[in-house]
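The structure appears right after this line, and notes come after that.
Nothing in this text is a laboratory measurement; each read-out follows from the coordinates by a stated rule. Everything quoted here is computed from the prediction, not taken from an experiment. Ideal geometry is used to build each Cβ from the backbone, glycine not excepted, and the neighbour counts take in all protein chains shown.
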Amino acid sequence: MSTFVPLFKRRWFKNTLILSVVTAIGLGGAYATFYHLSSFERLQRLSTDVMQGSTRKITFDAQMERQLFPRPTVVLKNVMLSETDGRTPAMNIKQVSVGVAWTSVFGDWAIDKLVLNDLATVITRDDNGSWNFADLFKQQNQKVKFNRININNGQVMLQAFGKRVELNQIHYNQIRQSDGKSPYIFTANAMNPFWNELQLNVQGHVAQTPEGIISPDMILQFTGHETGGAFSGSLVSKVGLKNNQFTSDDNKLIIRTDRLTGHADINIAHIGSENDHLLLNNINSVFTGSLNDYRLNGTLTSRQAKLDPAQLASDEITVNLTAKTATSDNLNVNLNAPATWHVENGLNMPKLQITTRQDRPNGLSRFLSEWMGSLQIKNLKNWHAQAQGQFDRQPVVMDIIREHNTINGILQMAKLDLANYVDNIEARVDNPYPSWLTGALVSHMGIDIGTLSLPALEVNNIKTTLHATSSEARFEPFSADLYGGHTEGLLIVNNNQPVQYVMKQKAEGVQVRPMLQDLFRSGHISGKGDVNLSFTTTGATRQELTENLSGSLNMNVKDGNWYGINIRELMKAAAANSEDNTSLNLNANNDNGTPFSTFDFTSKINQGISKHTTDSHFTSPAVHMTAKGETILYSGRMSEDINILSNNGKDTLPLRITGTMDNPAISLNYKKITSGLKTAEQKKDAVTDAIKKQWDWMREQSKKQ
């Protein structure tokens, strides 16, 4: 005590002590006043004032927490905002912190900071275009203003326009400024079946006006992941909710996607709500992307579109698209049509117009088409495409419909010239089977082509039905006019690794020489005849297809020529070399031939090797020929034994053909002529006698003609 008295006599100590006591009394009084002002009953009345003019109610637990620093704050637990019926929960908040200004202790409440923790609600838009919380924005005479609003860990279910999006981990921060424009930041994660992850970040300023709420500088940024990869983008807009009507001006949306390795820039001048729908004015979009091997660039425009909860409709949309591969020139596609997209019925384009064109610097333009028709797409497994027009200036009709896992349709073309598309066909020979034929999908397509032109072949009156699954594509029955005759049969493409081809054809009255040239690159038989063939092969290149070829070929040809062998000239050469028959070698001449009345050819082919027999009656000279041999089809290397029999049935001249089909070498079959003979003299006499008898007989026959 003796120590304290001298200190108390000092003025500075006395002033400090008095100030401390006054402060303590003031804080105690302030807390007592704040405690009184923040009583449960008083806060209930305050919540009623906030909801003045609304039938909604705010309820919360009677137990609460209070703090004086850094500002007087009351913490409410389990706060519930009701629907307009006053009972059904519309919003639940686990904890609400209401921080008031210090002046609120001595007068009316002025909320400085409002913090909502663990908020959960559902925001909906009904079929009439009304939002479930729209009535709250009609209250213009609120007695309580919020200078700062924070939302931590919110959860919102948004249901509008037939779609549902769940927003989680919501964080919102808004600060009221004196000019009425409050800056805000909003972040959230969005959940939807269309993507795996979507993060949102929105910022800008928000202002309360007599008409409603506006945000003149909203910037939305988003990043996410879907099955095909990552995507991101942004939206800049002037948005507002005025008189319960949504408006959005100067909208600029940018989307980047890894799945299509592209982007889309979309500009919409104005979006406004009208009754139960939205009107979108002056839509312009530029987009790029990739689809399979194609790189896409394009634009989309629409003067006006209408969006309601069930559908999006436009009286006219125009799409200009350019598609290009690494090895091709630009393919330009123009599409124009009225369009409607419906939640249940999908996309409908009833008056569709399409034009296509590919200009080639080193060739003729191709993919020239003009189509008019319709397109209906309910979903990827249910659609209908119908069109008629021209392809490469030739009439075309197409009608294709898919229902679940079945595709049916018809394709009718007056003429299809593939000469200008050979490079495309060859570029895809490694993977010829259509990639879209997967799973349980089945296709039945009737095909009717008047004329099919290939670089060295023209096929007419093609009629077939394509039956296709993920395992095989079967053209059966298949009929056509080609090589001057008619053929019927089937063609099967099996989706194996490698792809397998099966062809069976029965041709009547065909010109066999061009047919053999197309099949085996060499044709030494001319004339008209009937051909039965049955082939199976696998591979991607011509060499693989030829070396793996197995099957049979039967020909019956009449009144033709056997090119490469002129028997009359051959006999003259043989006679001239009769002195040295052991070295006889006669070269074939493709410019000359031996005419025949009948030529029967039978071949069994295994792994690209043909083993065949021939029976023919020649007319000049009039001899009968039988042959048996083997040919390696890809290299053309051949080995064949030929017997030329005089019509008297007595004289036989055996020959042997070796070399290749393009350059065969013909010689006497010395071994067969001299079979069983021992001495050189006997063998020489046998060769001379065989040639002489055959030559004498042919010379005698020539005199009779």
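Sorting the segments 51-61, 112-122 by their mean number of nearby beta carbons within 10 angstrom, highest to lowest, gives 112-122, 51-61. Remark: for residue pairs 57/163; 463/504; 506/604; 94/181; 463/506; 57/77, the C-alpha separation exceeds 18 Å in 57/163; 94/181.
Other residues within the sphere of radius under 9 Å centred on the Cβ of residue 190, judged by their own Cβ, net out at -2 (K and R +1, D and E -1). Taking amide H as placed 1.01 Å from N in the peptide plane, the amide H of residue 123 sits under 5 Å from that of 157, 158, 159, each at least 5 places away or on another chain. The separation of segment 341-411 from segment 465-529, counted between C-alpha centres, amounts to 29 Å. For residue 337, neighbours were defined as the other residues whose beta-carbon sits under 12 Å from its Cβ, and their charges (Lys and Arg +1, Asp and Glu -1) total -1. The count of lysine pairs in segment 306-450 that are at least 8 places apart or cross chains, and whose C-alpha atoms lie under 26 Å apart, stands at 6. With a cut-off of 13 Å between beta carbons, the residues surrounding residue 601 carry a summed charge of +1, where Lys and Arg count +1 and Asp and Glu -1. Remark on residue 548: its backbone amide H falls under 5 Å from those of 538, a criterion applied only to residues 5 or more positions apart or on other chains, H modelled at 1.01 Å from N.
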